[in-house]
Number of protein chains: 2
Amino acid sequence: LRGPELDGGRFDLAAVYVSDAQHNRNITFDASPPSVRLYLIYNHWMLHVLVYVFILVDLALALFEEPALIPLPVWATSMIELICLVAFAVRLAHFAKVVPRRIFLRDPKNICIIVIITLCLLDMIIYGALKVSGNYAVRWSRVLRPLLLVNVTEGRQLRRAFRSIRNALPQILVLFFLFMFSVLIFSLMALKLMGKRNLETIEGAPYFTNYLDIVFDLYVLVTTANSPDIMMPAYNYSSFFALFFILYIVINTYTFMSVFLAVVYNNYKKYLKEEVRQLVRAKRQKMCHAFSLLKEGGEEPVVSKAHWNRLVRLVQPDITNAHRELLWNVSDHHNRGHIGKVAFVQLADLLNIQVITLKSRAHPLHTWIPAIYESAVSKLICRMVRHRMFVYLYDAIILVNAVFIGLDEEDPVVSSAEWFFLTLYVLEILLKLYTFEPRTFFARHHFWNWFDTIIIVSALLATVINAALKSCKCYTSRQILDIVFILRVLRLIRVVDSIQRFRAIINTLIKIGPLMLTFGQLILVVYYIFAMVGMELFKGKVQFFSADSPDPAREYCGNALLKDTLFARNNYCKNNFNDVVSSFVLLLELTVVNQWHDILLTHVSARIFFVLFHIVVVIIIMNIFVAFILEAFIIEYIVEKNDLQTSLEKKIEELNLCVDLLFSSLAGYSTMDGLLQRMFETGTDLSAEVIADTSEDMNFSNPSFSPA
Amino acid sequence: LRGPELDGGRFDLAAVYVSDAQHNRNITFDASPPSVRLYLIYNHWMLHVLVYVFILVDLALALFEEPALIPLPVWATSMIELICLVAFAVRLAHFAKVVPRRIFLRDPKNICIIVIITLCLLDMIIYGALKVSGNYAVRWSRVLRPLLLVNVTEGRQLRRAFRSIRNALPQILVLFFLFMFSVLIFSLMALKLMGKRNLETIEGAPYFTNYLDIVFDLYVLVTTANSPDIMMPAYNYSSFFALFFILYIVINTYTFMSVFLAVVYNNYKKYLKEEVRQLVRAKRQKMCHAFSLLKEGGEEPVVSKAHWNRLVRLVQPDITNAHRELLWNVSDHHNRGHIGKVAFVQLADLLNIQVITLKSRAHPLHTWIPAIYESAVSKLICRMVRHRMFVYLYDAIILVNAVFIGLDEEDPVVSSAEWFFLTLYVLEILLKLYTFEPRTFFARHHFWNWFDTIIIVSALLATVINAALKSCKCYTSRQILDIVFILRVLRLIRVVDSIQRFRAIINTLIKIGPLMLTFGQLILVVYYIFAMVGMELFKGKVQFFSADSPDPAREYCGNALLKDTLFARNNYCKNNFNDVVSSFVLLLELTVVNQWHDILLTHVSARIFFVLFHIVVVIIIMNIFVAFILEAFIIEYIVEKNDLQTSLEKKIEELNLCVDLLFSSLAGYSTMDGLLQRMFETGTDLSAEVIADTSEDMNFSNPSFSPA
């Protein structure tokens, strides 16, 4: 370890290690002071945001490029793309300055970014040249864009998800081949049993006579999209044929699809567990680095309270003194004034536990107008608002309001009732602000207070604007009315919070919610790639005409091949690949799976494209989604607080006994890493094992660690 | 314990306890010798089979009763039902003789059977009286019939499944209400946003104007059955409305449905675990009873080898001496000649492990014609058959055969090729029988040998019959040809066994297979009840006319209300409740969910019926199915053999070293109870805990049990 000699530099470096451990950053940076300074800049949140802004702009270019939703000239989009590419290159150069050269070049994600930037530039040049010379050109590099999301330093969780998928792939593939074998065997049987019976489909086409068509139809049946239509001709001919389809559905639709879920779930969990193990190991290693920078004493090295305080202030400048004092008390059980390595290593996890410190402050009105606020009437009001009946009363009001919303809003009684309800809601908020201390009321963890206030204030504003526009009769905006309606309905959600049993589920969902962002990115990457390929292959094949268009081509979506097909008859013309928004909506429909065989054209290349999409998105990714929800929900619902949180709470209780200063609510981990770590720490000896490993790796002195 | 004084009686009673423990029977029978004898008769397998035969006959009556598939006069079906009811009553009376009266009357399942029999009789009388007097009558007691399946003594596993569902119900209901709340809120928003825009569905009906219709449509969207049709009018009007549907699908279709799975999975597992805990406890208790009957010695009671042998022979008369000796060796590690309570208690589990003992016998031909069988040519043949290339060769033949099956079988080349392939397959079996010892070849656990031989022999027979019929030109049976085709295709499945990675999955599926019988019964009970109710409500509403019927009502399924509906246009007329077979097929289609909104008539009572069916079958039961597969597959795939199996295998290895007599394959547990026990024993201290409990309960002397 090439450590700095300066004492201040030593603290700076230790703070960086702790901060990295806290946020699970895993970058092996150069430990020299200038590099550390560059590294701190590299990790600034503004730069992270900027990276994502540039990626979003780069991805959003698809809206303006051919086939475009809003066409822009090629030079404009190319210019924007060029700026984005330069930004990525600068970011990468910055990273190269921070990290030792050897490590930089060995890291596949850096290589990936370099390759992507190069290929994008190349494609731009080729495309420009071909266009200028009037040739046909394809912007093939567009499929590479979402890969940036995976390969930037910030995309750690996304990379982890992809790694898990890659590792699970062999087992999924084996199962898939077995499943396809079953489909092929069933198809052969269907051909032999029904092919010679001269049956007809509802469209009058021959039924089950072509082997490949049967395979495709039965594959679609696995997704249930053509049930029961595919069965009806055979079933109408003889009830015995229903047996064939029942067997097929039980084996392929139910059993195989469940086994897919089992394999995906199992593998995903297994590899994620291994990843988390490495994550925890890396975290401890960094904390050990920090410890070795600050340690004092010979036989059993320790860190003193003063050093520890200085370090924590460097890592988290906005931490309150009370909070810091609490964390120290948890670390130093025995009040020795210094802590050993084991207690020090906990610091990263301790900093990750949200402790909301709230002083029981007096109400501002109590300070300003004590005479009035302390009067009997005022006290009565406060008692009323705090009473349970107040909650029930407003729940009843919401239910009555729901009925009024359902009625026709053009009725004058209903529209004046709306003002009445709005007044009641505003009154509720004012009463609550009168009773409760405003800063407590709007504390970060009071989700429903925030929700209520935002909804009511926006509804008030929108209703006023709408009424103003209506009374001056100059302009009636449908959009504002829509917003008013949405806000009115959203208000009703509040009633959920009053029911204890609903609240538990909702809270779990709210907690899982942000963690699904990673999943959203995963879907975005896959959708984007499929959308780009789909647009190149199928753009313009299907045209959408608005309802009042006089064009006769409206009947068959502007494609003569679609005449009299179910696609045209069901009015699916807007399900096309003509721009990126339509493509995304279409891909969502394909994810939902129903009617997908009707949505696709009967062209063979379309079938291959869609089957591929089905395998990737429905069989693999949606199963991972289900696996994720399954695991996260079970964990959140079942798992108790972990050791660290328990000891923190105990300490808070102790302090409350003597100090009565802190009211705290442990909001639990709120990051993906935190949840993951929690998922796999519980019930296992993971942390003990990891610390033992780390100790061995680094030749430290006290391997006899046992978690409290 | 009122134990018998006679020594023989003591052994009989102990054998009954062990047998009960082995088969997880949980009946508190009277311990007096006459009762024990009656109890043994009660548990005879023939009576179990008879009970199920009577239940099946009783259930099958639905085929012959109005609305009937094959109509029989009312007096005939009533007579059969009467016989069945008498049989159930006799069985119950037998049970009452076996069990102490106090316990008999406290058991809800006996009360249930009494009530069901009484109500069925009552219904028969009322129905008869009403029919004779020419009134309208309903056979309402038919919905009670499947409940017999649950309440007979043999339906232990089914009762357990229902109990698990009942226990999970409160949580599922809370979640369901929350989910319905979400659907209602979204519906209200849809009404407000799209109701006033004068949009039209593809049929020209007003779009999203009636609140209850919207709720129903959006409920159907959760099942994905009407995607994307329900979205198209709004999406065609403005792309922004796609956002509404995307949000709806993400929240309700994906998140809520996954959370349903999570809650069902979690609860099912939790309660099943508790049930298994009780099961194991009851088993140990019975073994302790048996032990206390046979124990000798004072301070630390033991059972001698002679007594143990006598007991095992009583429990399992067909056990081989070698197998019994092996089990004794496992129980008595230290060769003391007697075993303590802990080792004795294991006996029930030991007996449940399938040990297939196979003497390495000489081939019969070797005994009969040693000169020829030992000749160089014969040895060469044997070496060839044992060679890996032989397997590969036949795999190649199967693949070529697959191509020929796909071709038109009326081509003379193809049909003669069929004879060629058949000869090859027969030759394969003959060669294998020549090489391997026939009894080894047809051992019970050689699934694929059995499969091959049965398929090939049947194919040979069917092909010969078919050819004979064809050559005499007197009669061409389509049915025989169908069977020939099915057998031909089934032959191809064999190729799966050659691929190592496929075999692991297939073996797991084959193992789980029989365990799904309980699940099949669960489905049968629910389907039967819904079918009975559906038939009373909807019989005759939809008529099916065969394709060559000249009746004009064929166009609209004989119901004028269905004119020009999607139902009639899609030719769904055979999806009706006119007989019990059609009802079951229809219910299966509703389970698959697709198109179910088109299948049902637009009548409100039908909607309620189908939504109820969806909640019960799709949300609860199918999720349990998925949960079951998930758990079973993960366990089978991951979990190693348990302690008992390992120690048994070790012992076998030891014995092999000196005796070289046994070749054994541990086929694992093959009962539902076994798998369940294995599911929850692994990784927990269940067995240790349970034996500690039992010891305390029964005041035995050695609670210091530790599993090997």
Could you pull out the residue among B:59, B:119 that is at pLDDT 90 or above and crowded, with 18+ Cβ neighbours inside 10 Å? B:59
For the range A:459-479, give me the residue count where each residue is assigned to a helix (DSSP H, G or I) and at pLDDT below 80. 5
Exactly one condition in (1) surrounded by 14 or more Cβ atoms within 10 Å (Cβ to Cβ); (2) away from every other protein chain (no Cβ under 14 Å) is not met by residue B:206; state its number. (1)
Positions within the range B:583-596 being at the interface with another protein chain (Cβ under 7 Å from one of its Cβ atoms) and in a helix (DSSP H, G or I), in sequence order: B:585, B:588, B:589, B:592
Looking at (1) surrounded by fewer than 17 Cβ atoms within 10 Å (Cβ to Cβ); (2) touching a residue at least 12 places away in the same chain (Cβ under 8 Å), which is the only condition residue B:387 fails? (2)
The listed residue being modelled with pLDDT of 85 or more and either surrounded by fewer than 20 Cβ atoms within 10 Å (Cβ to Cβ) or under 30 Å from the mean Cα position of the chain (by Cα) (or both), out of A:633, A:584: A:584
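Mind checking which residues of the range A:254-280 are within 29 Å of the chain's Cα centre (by Cα) and among the hydroxyl-bearing types (Ser, Thr, Tyr)? Working first, answer last.
If we filter the range A:254-280 for residues that are within 29 Å of the chain's Cα centre (by Cα), which is where we start, we get A:254, A:256-280.
Scanning the range A:254-280 gives A:254, A:258, A:265, A:268, A:271.
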When you go through B:348, B:306 one by one, which is the residue that is within 18 Å of residue B:18 (Cα to Cα), of a type in the set (A, V, I, L, M, F, W, C) and under 27 Å from the mean Cα position of the chain (by Cα)? B:348
Being of a type outside the set (Gly, Ala, Ser) and buried (at least 17 other Cβ atoms within 10 Å of the Cβ) is the filter here, so list the residues in the range B:83-96 that pass it. B:84, B:85, B:88, B:91, B:92, B:95
I'd like the residue in the range A:500-518 that is at the interface with chain B (Cβ under 10 Å from one of its Cβ atoms) and surrounded by 16 or more Cβ atoms within 10 Å (Cβ to Cβ) and, out of all such residues, is farthest from residue A:388 (Cα to Cα). A:516
Based on this model, can you work out whether residue B:555 counts as over 21 Å from residue A:221 (Cβ atoms), assigned to a helix (DSSP H, G or I) and touching a residue at least 60 places away in the same chain (Cβ under 8 Å)? no
Only unsatisfied item for residue A:380, checking (1) in contact (Cβ under 8 Å) with a residue 12 or more places away in the chain; (2) in a helix (DSSP H, G or I), is (1)
Condition check: in contact with a Leu (Cβ under 8 Å, 6 or more places away or on another chain) and within 13 Å of chain B (Cβ to nearest Cβ). Does residue A:497 satisfy that? no
Residue A:303 fails exactly one of the following numbered conditions: (1) within 11 Å of chain B (Cβ to nearest Cβ); (2) surrounded by 18 or more Cβ atoms within 10 Å (Cβ to Cβ); (3) not in a helix (DSSP H, G or I); (4) not aromatic (Phe, Trp, Tyr). What is the number of that condition? (1)
Which numbered condition residue A:406 fails, given (1) at pLDDT 90 or above; (2) in contact with a Leu (Cβ under 8 Å, 6 or more places away or on another chain): (1)
Sort through B:182, B:258, B:227 and tell me the only one that's buried (at least 21 other Cβ atoms within 10 Å of the Cβ), of a type in the set (S, T, N, Q) and at the interface with chain A (Cβ under 10 Å from one of its Cβ atoms). B:227
Among the candidates B:430, B:399, residue that is aliphatic (A, V, I, L, M) and within 14 Å of another protein chain (Cβ to nearest Cβ): B:399
Restricting the search to the range B:92-140, which residues are outside any helix (DSSP H, G or I), hydrophobic (A, V, I, L, M, F, W, C) and over 30 Å from the mean Cα position of the chain (by Cα)? B:137, B:138
When residues of the range B:519-568 are limited to those that are touching a Leu at 6+ places or on another chain (Cβ under 8 Å) and surrounded by fewer than 18 Cβ atoms within 10 Å (Cβ to Cβ), the one farthest from the other protein chains (Cβ to nearest Cβ): B:561
Checking B:235, B:248, B:265 in turn, the sole residue that is over 28 Å from residue B:165 (Cβ atoms), at the interface with chain A (Cβ under 9 Å from one of its Cβ atoms), in contact with a helix residue (DSSP H, G or I) (Cβ under 6 Å, 6 or more places away or on another chain) and aromatic (Phe, Trp, Tyr) turns out to be B:235
Of a type in the set (A, V, I, L, M) and either within 10 Å of chain A (Cβ to nearest Cβ) or within 30 Å of residue B:624 (Cβ to Cβ) (or both): is that true of residue B:212 in this structure? no
When the residues of the range A:330-359 are narrowed to those that are modelled with pLDDT of 80 or more and surrounded by fewer than 16 Cβ atoms within 10 Å (Cβ to Cβ), which ends up nearest to residue A:293 (Cα to Cα)? A:337
So if I check each of B:616, B:626, B:580, which one is of a type in the set (A, V, I, L, M), touching a residue at least 40 places away in the same chain (Cβ under 8 Å), on the phi < 0 side of the Ramachandran plot and within 11 Å of chain A (Cβ to nearest Cβ)? B:626
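The values are calculated or read from the model by the stated rules, or taken from the named source; none is laboratory data. Not measured: the values here are computed from a predicted model. Positions of Cβ are generated from backbone atoms using ideal geometry, with glycine treated the same way; all protein chains shown enter the neighbour counts.
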